[in-house]
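Where a number appears in this text, it was derived from the coordinates with a stated rule and is not lab data. All figures in this text were calculated on a predicted structure; none of them were measured in a lab. Note that we place each Cβ from the backbone using ideal geometry, even for glycine, and neighbour counts take in every protein chain shown.
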Amino acid sequence: MIDVIGAPFDLCGRRLGSRLGPAALRLADLIETLEALGLEVADKGDCEVAKEFTAPDGIRNFEPLKQCVKSLRLMVFESLERGNLPIVMGGEHTLAVAGVSAALEIFDGDLGLIWIDAHADIHNPGSSDTGNVHGMPVAALAQYPSGVEGTKDTEWQTLLDTLGSGPPLNVENTAWYALRDVDQAERSRLNGLPISMHDIDRHGVEQTVKWIDQWLRRSGVSNVWISFDVDALDPILAPGTGTAVRGGLTYRESHLCAELLREALDAKDCPYRLVGVDLVETNPLYDHMNETAKMAVEWLASLLGKTILGKR
Ligand SMILES: [Mn+2]
């Protein structure tokens, strides 16, 4: 049973508009596409979102972010408790802290994270040039200190407190895929399995997804969360996103990646299972004819078992 949850929040990124992402994904027939695969799907609606507000000297729009994370986290937590598969539609990538932290608490830290994204998103307030929290979710999940003082530090600590009582994300259990825009300060923090576009050019999708499978098996985790930022895709195919970086995954590469992840999950001896998915950063304001949302839905269908010729 799949619970689809919308998170129309975009106040901690560079560009507004991804709040329209959940609507765009619904219009791209996300629910119907999954139902056509024979899956049972419930649209749980959207989480709560508060109005813009920034405290003096604070993190931009921290207060509404906190409200949104709280509300979304509760919805994902309940979905996981019911034994369902939550799919979070963003909204910006900041919101991944909600679902992943809920999974960390429920599975007591037994969680691998696959972060498919042009960006590593492992800044903390101290290392970020922009101060935008959308570049910081992995650091928040790993409970890094803020690296700053004053109001921003207090707010960062409040954000970490909002993420519940589970253990921090073990960064060694994080794989990144399709990286191509990584800041200097982030590089030394990629202690898990960082796979860049260079690696994918050089070794191909088949080999690099095999690395993820082997690495997950070695790490001993039994639960996996996949966080998919549509900017992993090449902006020629998926222009509707806030921080497009050229040189991304082609249509075929992205689908092969999803299909091979599904194959790995379906293997008889697979020791881990998929427990949640984020589908984030679709921004219809920068899109053409909703192409990006359609691509995201097609990608998700491949991850959840759609194949060209069916089971053979
Ligand atoms: Mn990104």
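Quick notes on this structure:
- Relative to the longest principal axis of the Cα atoms of the chain, the long axis of helix 151-162 makes an angle of roughly 40 degrees.
- Set of lysines near Lys44 by C-alpha distance (under 27 Å), chain-local residues within fewer than 8 positions excluded: Lys66, Lys70, Lys294, Lys306
- Net length available on complete extension from Glu35 to Lys210 is 60.1 nm, with 0.36 nm assigned per residue and the Cα-Cα distance removed.
- FRET efficiency, 1/(1 + (r/R0)^6) with R0 51 Å, evaluated for Asp201 and Ser165 via beta carbons: 0.75
- Computed about the Cα centre, the dipole magnitude for the range 252-312 is approximately 380 debye when only Lys and Arg (+1) and Asp and Glu (-1) carry charge, each at its Cβ.
- Highest-MSF residue in the chain out of Arg14, Arg262, Arg187 [GNM, Cα springs under 10 Å]: Arg187
- Two-site label geometry, Arg14 and Leu27: point separation in nm, points 7 Å out along Cα→Cβ: 2.4 nm
- Lys/Arg +1, Asp/Glu -1 at C-beta; the chain dipole; positive extreme among Leu111, Gly147, Pro22: Leu111
- Spin-label pair Arg246-Lys51: with each label point 7 Å from Cα along the Cα-Cβ axis, the two points sit 4.2 nm from one another.
- Stretch gain in nm, segment Ile308-Glu263, where the contour uses 0.36 nm per residue and the Cα spacing is subtracted: 14.8 nm
- Relative contact order of the range 2-303, taken over Cα pairs closer than 8 Å and 6 or more residues apart, is 23 percent.
- Cα gyration tensor category, rounded, prolate or oblate, for the range 106-190 with a/c compared to 1.5: oblate
- Start at zero, step by 20 Å, and the Cα-Cα distances of the chain spread as 36, 60, 3, 0 percent across the bins.
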